[in-house]
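The structure under discussion appears below in the form of structure tokens.
The values are calculated or read from the model by the stated rules, or taken from the named source; none is laboratory data. Quick caveat: nothing in here was measured; it's all calculated off a predicted structure. Here Cβ is always computed from backbone atoms with ideal geometry, including for glycine, and neighbour counts include all displayed protein chains.
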Amino acid sequence: MNMKKLTALLLAAMMLLPMAMAQETADAVLATVEDTQILQSQADALMPTFVSYEYVSSEADYQTVVTYLVQQELLKRKIADMQFDQFTQEEESALRNDAQVEWDAALEEYVQYYLAEDTDEGRATARAQAEDFYAASGLTVDLLYQNLLYGASVDKMTDYLVGGYEPTQEEVQGVFQEVGAQYQAQYENDIASYEYMTQYYGQSSWYTPAGYRGIIHILLKADAAVMEQYTAMQAAYEDQQAGADEEQVAGETAQPTQQAVVTEPVTPEQVEEARQMVLASQKAKLNEIDTRLENGESFESLVAEFGEDPGMEDPANLAYGYLVHADSIVWDPTFTSAAFSDRMTKVGDVSDPVVGSNGIHILYYLRDVPSGLVLTNEISTEIADYLKTTKENEAFTQAFASWENEMKVAYDDANILAASQAAQKRLAAEEAQSDEPDTTEPQVVPSQEDETLPVGN
């Protein structure tokens with residue numbers, strides 16, 4: 001289930017609901033725009049979202065939320081003044097259709113996630129539960145439609161304010177060189193951080209450190225029992241070595257207090273014997289691959305025929321290879337060592353078969369990966385989007401300041417301060433309560449023999 005989409009839908013509802021709440025709840029007025037009041041209930045409704053997205057540092061920051069609500073009211077009024085909220089029947093029909101598509105998709109995702117029994121009755125029950133879930137959150141298909149209408153109106157205002165701005169290639173290059181230099185300083189001599197941020201965290205790779213190779217490989221799954229024996233033997237040997245190192249350090253600082261537990265040691269020869277058994281389990285295939293490579297068949301064709309790594313079915317991986325560095329942290333150490341073994345000195349070389357945690361690997365040195373700053377199309381688009389967003393933010397900041405001077409806007413500083421102080425007091429009390437030790441008496445849990453199971457429900 002795409003929970004991000006559900007969150008976005010609920011967030012859309014949260015952004016619109018405060019306006020409706022203002023009509024129903026009588027509470028403190030925190031600001032006014034012309035004859036429209038900004039109430040504390042509206043700020044309270046948005047506060048959890050602002051805290052969740054870290055737009056504010058705490059639930060006591062009412063000033064930031066109130067400023068946002070004032071700006072939204074200014075924007076709504078200017079959109080109406082400039083008739084950016086007017087749409088043709090065709091445009092409205094298209095937006096209503098988009099809302100229905102989003103609504104149906106949200107219901108279906110809920111059904112797929114919570115479906116207990118894949119029958120017509122089960123799906124009908126899950127769909128009814130989905131509708132109840134969204135209704136409880138105030139979300140309806142009409143609210144989605146209104147949100148899309150408003151979003152389209154804001155798009156018109158944005159286009160008007162930025163005047164069709166498109167970043168130039170010089171602007172893109174300027175940002176790329178400035179930010180790229182920071183990435184280079186950060187990652188040039190720190191492969192572990194580079195791979196952690198780009199492979200695990202999803203950061204775009206603006207700068208590629210020197211020393212990477214593009215590697216493709218043939219993975220052969222070994223006999224399960226033989227592979228299990230090898231991995232167990234290898235793990236035991238590594239633990240044994242680590243334990244020996246720890247005992248040496250401990251022996252240098254303190255006397256032993258008890259007799260050590262003696263276990264049968266694992267020797268390197270035993271590990272090697274287990275490794276050879278893994279290779280022997282696929283000897284026929286290994287010999288055939290070796291023969292066909294000697295006869296001139298392409299490594300890529302053999303990957304397709306023999307390989308059991310799903311990643312090698314990706315055309316991009318097969319064309320460019322896995323990016324492997326001698327100091328890589330994302331690959332099996334056996335795989336990395338093989339990629340930089342004595343057999344792999346130039347592009348086109350093939351490694352000896354090696355045994356890793358996933359089976360037997362035969363590696364092919366596909367290419368040397370260009371190092372340095374590389375402006376890809378993806379990064380260029382990323383920079384252009386950043387420049388557009390920056391331009392839009394600057395334009396709206398200036399527009400809000402101008403509109404606030406045009407309209408009658410007043411902040412009730414006393415009420416804002418009172419709301420903030422009340423929130424601070426509540427947060428302090430909650431923190432103090434959470435710091436108190438738990439003095440609850442432990443309950444006696446009946447034993448299995450004494451426990452009486454409930455009957456029926």
**Item:** Test set (1) of a type outside the set (Lys, Arg); (2) surrounded by 16 or more Cβ atoms within 10 Å (Cβ to Cβ); (3) farther than 24 Å from Gly138 by Cα; (4) touching a strand residue (DSSP E or B) at 6+ places or on another chain (Cβ under 9 Å) - Glu34 fails condition number
**Value:** (2)
**Prompt:** Can Tyr187 be described as of a type in the set (Ser, Thr, Tyr) and outside the structural domain of Ala99 (by TED's automatic domain parsing)?
**Reply:** yes
**Message:** The conditions are (1) out of contact with any helix residue (DSSP H, G or I) (no Cβ under 8 Å at 6 or more places or on another chain); (2) modelled with pLDDT under 90; (3) not charged (D, E, K, R), and Thr88 fails exactly one of them. Which is it?
**Reply:** (2)
**Single match in Gln186, Gln169 (criterion: without any contact (Cβ under 8 Å) to a residue 40 or more places away in the chain, within 30 Å of Asp332 (Cα to Cα) and either of a type in the set (Phe, Trp, Tyr) or loosely packed, with under 15 Cβ neighbours inside 10 Å (or both))** = Gln186
**Prompt:** Looking at Gln72, is it out of contact with any strand residue (DSSP E or B) (no Cβ under 7 Å at 6 or more places or on another chain), touching a residue at least 60 places away in the same chain (Cβ under 8 Å) and in the same structural domain as Ala401 (by TED's automatic domain parsing)?
**Reply:** no
**Prompt:** So which residues in the stretch 300-330 are aliphatic (A, V, I, L, M) and without any contact (Cβ under 8 Å) to a residue 24 or more places away in the chain, if there are any at all?
**Reply:** Ala304, Ala316, Ala319
**Prompt:** In the stretch 128-148, what residues are buried (at least 16 other Cβ atoms within 10 Å of the Cβ), of a type in the set (Gly, Ala, Ser) and not in a helix (DSSP H, G or I)?
**Reply:** none
**Message:** Contact list please: Cβ distance under 7 Å, first residue in the stretch 116-137 and closer than 22 Å to Thr49 by Cβ, second residue β-branched (Val, Ile, Thr) and surrounded by fewer than 15 Cβ atoms within 10 Å (Cβ to Cβ), pairs at least six apart or on different chains.
**Reply:** none
**Message:** Within the stretch 85-97, does at least one residue satisfy the condition of being of a type in the set (Phe, Trp, Tyr) and over 30 Å from Thr36 (Cβ atoms)?
**Reply:** no
**Asked** Restricting the search to the stretch 353-374, which residues are at pLDDT 95 or above, among the hydrophobic types (A, V, I, L, M, F, W, C) and surrounded by fewer than 19 Cβ atoms within 10 Å (Cβ to Cβ)?
**Response** Leu373
**Request:** For residues that are assigned to a helix (DSSP H, G or I) and among the charged types (D, E, K, R), tally how many sit in the stretch 349-403.
**Result:** 7
**Request:** Kindly indicate whether any position in the stretch 152-160 is of a type in the set (Gly, Ala, Ser), under 30 Å from Lys388 (Cα atoms) and either in contact (Cβ under 8 Å) with a residue 12 or more places away in the chain or touching a strand residue (DSSP E or B) at 6+ places or on another chain (Cβ under 9 Å) (or both).
**Result:** yes
**Request:** Please indicate, with yes or no, whether at least one residue in the stretch 35-47 is of a type outside the set (Ser, Thr, Tyr), part of a loop (DSSP other than H, G, I, E, B) and assigned by TED's automatic domain parsing to the domain that holds Asp132.
**Result:** yes
